[in-house]
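Notes follow once the structure below has been shown.
Bear in mind that the values in this text are calculations on the coordinates, not laboratory data. It should be emphasised that the depicted structure is a prediction, and the values quoted were computed from it without experimental measurement. Here the Cβ positions follow ideal geometry from the backbone for every residue, glycine too, while neighbour counts run over all protein chains shown.
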């Protein structure tokens, strides 16, 4: 598991790198926010150990840039001073933890472990959602519309009226989409539609 360390103090970077490697993590040591932005974030569990007071683009600025670019990576902030407003701002923007120097090894490793586990779960959920989307894309436009109406709780007769087709045709569409999606119950269909954010209003 990879931990990016961004701190302009070389001695701090090296110390953090040694600690992280001793705990079994891969550590990539960087001195500035632009240097991190030039990195490719891997499609594997990782996190960012980020100094708040960086020269130029600060840690909080980098957090905003990542959010704007929809780059999801758990952030653990480290700071040389206890700044409550700054820590509140960082946490409200989604930071996982805000630690002040001198850092306690157990606190740091605990925060990193939590961040990596959170990223692992996020990637797992994205993988599941990607598989669901791939199945959804195999449905015809009509089948997608039927799925949306089923998810809204409509019965076959109501779906037929809403779509202007026969109830028998609705049953055929439901049979096809059920097989394509690999589901066995209405509850599974509804759960899948919820994952996709699918509704009849989106499909008409």
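Sorted by packing (mean other beta-carbon atoms within 10 Å per residue), highest first, where do 94-100, 153-159 land? Mind dumping the intermediate values first?
Numbers: 94-100: 17.9, 153-159: 14.9.
In descending order of packing, they fall as 94-100, 153-159.
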Any idea what diffusion coefficient the range 138-203 gets from Stokes-Einstein, in µm²/s, Kirkwood Rh on alpha carbon pairs, 25 °C, 0.890 mPa s? 214 µm²/s
Compare 142, 120, 18 in a GNM of the chain, Cα atoms joined below 10 Å, and give the one with the largest fluctuation. 142
I need the Kirkwood Rh of the chain: take the reciprocal of the average 1/r across all distinct C-alpha pairs and report it in angstrom. 19.9 Å
Do you know the relative contact order of the chain, to the nearest whole percent, from alpha carbon pairs under 8 angstrom that are 6+ apart? 16 percent
For the range 1-102, what percent of Cα pairs sit more than 20 Å apart? 31 percent
Calculated FRET value between residue 155 and residue 64, using beta carbons and R₀ = 35 Å, to 0.05: 0.15
The range 81-160-the range 5-31 distance, computed between alpha-carbon centres (Å): 27 Å
Mind checking which of 32, 22, 58 has the largest fluctuation in a GNM of the chain, springs on alpha carbons under 10 Å? 22
